[in-house]
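The values are calculated or read from the model by the stated rules, or taken from the named source; none is laboratory data. Note that this is a predicted model, so its numbers are computed, not measured. Positions of Cβ are generated from backbone atoms using ideal geometry, with glycine treated the same way; all protein chains shown enter the neighbour counts. Keep in mind that these areas ignore ligands, DNA and RNA; they rest on the heavy atoms of the full protein, side chains included. Shrake-Rupley method; radii C 1.70, N 1.55, O 1.52, S 1.80 Å.
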Amino acid sequence: MRLGVEETLGALNSALGAGGPVWFKETHARHLRARDFLAPRRALQARFGDDQVPEGVVHAIVGLQGPGVAPVLRCAPTPAGLALQLQRSAVFERVLCSVAAYIEPAALTTPTPRVVLHCPALRGSPSALRLSQLRAVLVADHLARVLQAHRVSVRRVPAVRDPHMPTFLQQLRVDWPAVSEKATTEALRNRTIAELSAARDAGALPPDILGRVCLKELMEERGRTAGYDPNVDSCLVSEDLLSLLAELQEAVQAGAEDSSLGLAAAPDADAGSYMVLHVVSCEEEFQQQKLDLLWWKLDHQAPLRQKHLVCGPVKAAGAPSTLTAPEYYELRHAQVCKASAVKHGRDLEQDPAWTEIFSILSVATIKFEMLSTAPQSQLLLALADSSISTKGSKSGTFVMYNCARLATLFEGYKCSVEQGLYPTFPPVSSLDFSLLRDEGEWLLLFNSILPFPDLLRQTAALTLTCTAPGLHVTARTEMVCKFLVQLSMDFSSYYNRVHILGEPRPHLFGQMFARLQLLRAVREVLHTGLAMLGLPPLSHI
């Protein structure tokens, strides 16, 4: 069984007896020089009074064992509290001999609903896509990837119908279904006609509108307690709106097919086993609330759990408020090409070998900008050229640059083996991980590789927290981006300081292979994290 940070913390807190959690994992390099976990002094005083922690408790902590619990080397009182250090060589060995186990998402611990992921921004054309809507699209795509990595059944709605949208989404590396057969709306249409407002104000309605459906009664019955806007009182119903509702209906009904494929879901196939998650921009939410209530009004089998993830506004400093998503992409693409020309001393934009690289770098820049802030918060974009740099440690370009550095490192090792400078890589089980003594090596393993499965699980679990009352849900889509940025910073610092491929001397090979295995694990974690964003790894920049 793989070691886990959460399992270790759980065992440590249990060893202290009844009470809330006390221990926390250290993350800063300065603290990790002396300890890996800390139970703060004040928290211990609240638990045990002014007396010291009983010696028997400390002995029990040192001898902790259990599924997923990391082996403890020492535990001792310090001025800061009870400090604990792991048997680091043993942890290196356990983790690096089973790298595949640490790039798989940890299993979700609660039953998961089937998810219908609805992003209304995709009903239009790219030229009409505002930046706030682009943010909602990227958030929805990221959530779908994370949930599907945990084998949760996800149906994406709507299928895009604009002929230009599939090309733009492919450019952004967003995985979303294209146009399918139009869902039948006959039943919904008949129900709508029966529910049309008695006023029938036909003279005041546009020609494509069937009529106005009153939602006041349903609002009082269900919407108000769930947190819907009290100003939602009616909805103008068009054929397009009925078509969207029919598509949502079909997505729910198609879930039974997913269940037969072994995807994680509740055992039954009724509407109660679904959550419909509407990922909307703040400008779209009021209309989406009307659509929720209309669906309930016209379809008594509509899922009871409809939740809204509302993405905050996006402001672009120094740009007109009318800046569209395609214009934003073209701006970033031009800046990436310009930055590359400065770095390499020549214009590479017309070089076919670089076309794909520039496209990936542009999308990485956009996705890290859009997803590195919690989606509910306002996002301020800095559109100046200075934000496109491999040296800026907060950008997607920086992450992709370090991805390419890893690829170059392993390509360099492969070429050296072919030239006879280094031996082929030995069996991992034969490596001596006690040779990994640099603090940067422990930082990479303890802060990046070891907690990675928990990170992915937390991202999915927060999204699926659908039993809480209320309309709105939050998602931590920024977690993966921030994790990859920090991983890249830690790797860059280590790589700049430590020479991995040293002189071809036999007595140095042991440490070199242990380091290469560590960086293999870093590479796998980085590639898996990028895949959650729809980004392929780069071999060079």
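Quote the charge dipole size of the chain about the Cα centre in Debye, to the nearest 20; the model charges only the Cβ of Lys and Arg (+1) and of Asp and Glu (-1).
In debye, rounded to 20, the chain gives about 1320.
A simple spin-label model places pseudo-atoms 7 Å from Cα toward Cβ; at L380 and F425 they are separated by 4.5 nm. Separation of the alpha carbons by more than 27 angstrom is noted, of K25/K414; K307/K482; K25/K482; K307/K367; K315/K343, for K25/K414; K315/K343.
Straightening the chain between I500 and S416 buys 29.0 nm, computed as 0.36 nm per residue apart minus the Cα-Cα spacing. Just the protein heavy atoms count here, and of the accessible area of the chain at 1.4 Å, carbon and sulfur take up 53 percent. Toward the positive end of the charge dipole of the chain, with +1 on the Cβ of Lys and Arg and -1 on the Cβ of Asp and Glu, the farthest Cα among P113, V480, L147 is that of V480.
Under 5 Å between amide hydrogens, built in the peptide plane, is the criterion, and for F37 it picks out E26, L84 among residues at least 5 positions away or on other chains. Can you give me the relative contact order of segment 46-150 as a percent, contacts being Cα pairs under 8 Å and 6 or more apart? The normalised contact order for segment 46-150 reaches 15 percent.
Shape summary: segment 423-503 maps onto an equivalent ellipsoid whose semi-axes, from the alpha-carbon gyration tensor, are 37, 15, 9 Å in decreasing order. The tail of the calculated P(r) for segment 5-86, taken as Cα-Cα distances beyond 18 Å, holds 34 percent of the pairs.
Helices that extend 18 Å or more along their long axis by alpha-carbon positions and average at least -0.5 on the Kyte-Doolittle scale are, among the DSSP H runs of the chain, 131-149, 239-253, 352-371, 396-418, 478-497, 506-531.
With an 8 Å cut-off on Cα pairs and a minimum separation of 6 or more residues, tell me the relative contact order of segment 291-365 in percent.
Here the relative contact order equals 23 percent.
Suppose we keep just the DSSP beta bridges with both residues in the chain; what percent of those would be antiparallel, to 5?
45
Remark: the chain is approximated by an ellipsoid whose semi-axes, taken from the C-alpha gyration tensor as √(5λ), come to 47, 32, 20 Å, largest first. Which value in deg cm²/dmol, rounded to the nearest 500, describes the helix-derived mean residue ellipticity at 222 nm for the chain, given -39,500 (n - 2.57) per DSSP H run of n ≥ 4 and division by the residue count? For the chain, the value works out to -14000 deg cm²/dmol. The mean accessible area for residues of segment 5-86, using a 1.4 Å probe and ignoring ligands and nucleic acids, is 53 Å² per residue. Each Cα pair under 8 Å and six or more residues apart adds its separation to the average, and for segment 5-86 the resulting relative contact order is 33 percent.
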